[in-house]
C-alpha cells in the first residue's frame with residue numbers, strides 16, 4: 001500500500017472539482033435536481049403527504065422533463081445558466097402569491 005503525503009494538498013483534485021462545478025453537464029444536473037425538488041414539494045402538498053424524492057424524480061421525468069429541456073434550451077441565458085421557469089399544474093390548490 002502506498003502512503004500519500006497528507007501535508008501537501010493535491011491541486012489536481014482541487015482544480016478537477018472546480019472544473020466539474022463549472023461544467024455545463026453539472027449545471028444541467030443541478031438545474032434538473034432543483035426542478036425535481038420543486039415538483040416533489042408541489043405533489044407532496046397536493047397529495048397531503050411527502051411523496052419522496054424517487055417517486056418525484058420518476059414522475060417529473062415522465063411528465064415534465066422533455067418540455068422543461070425544450071424550454072430551457074430555447075430561453076436565452078440571463079445569468080442563471082439559461083434556466084427556464086416551467087409552470088406546473090397545481091390541481092385544486094393554489095400556491096401562495098398566485099393571484100389566479
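Residues are listed down the side, and each one gets a yes or a no for (1) at pLDDT below 70; (2) surrounded by 10 or more Cβ atoms within 10 Å (Cβ to Cβ); (3) out of contact with any helix residue (DSSP H, G or I) (no Cβ under 6 Å at 6 or more places or on another chain):
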{"position": "23", "(1), (2), (3)": "no, yes, yes"}
{"position": "27", "(1), (2), (3)": "no, yes, yes"}
{"position": "51", "(1), (2), (3)": "no, yes, no"}
{"position": "100", "(1), (2), (3)": "yes, no, yes"}
Cβ-Cβ distance below 9 Å, separation of 6 or more or different chains: which pairs start in the stretch 14-31 with a residue that is part of a helix (DSSP H, G or I) and end on one that is surrounded by 11 or more Cβ atoms within 10 Å (Cβ to Cβ) and modelled with pLDDT of 80 or more? 20/26; 21/27; 28/69; 28/72; 31/68; 31/72
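The values are calculated or read from the model by the stated rules, or taken from the named source; none is laboratory data. The structure displayed is predicted, hence computed values, not measured ones. Every residue, glycine as well, gets a Cβ built from its backbone with ideal geometry; the counts of neighbours run over all protein chains shown.
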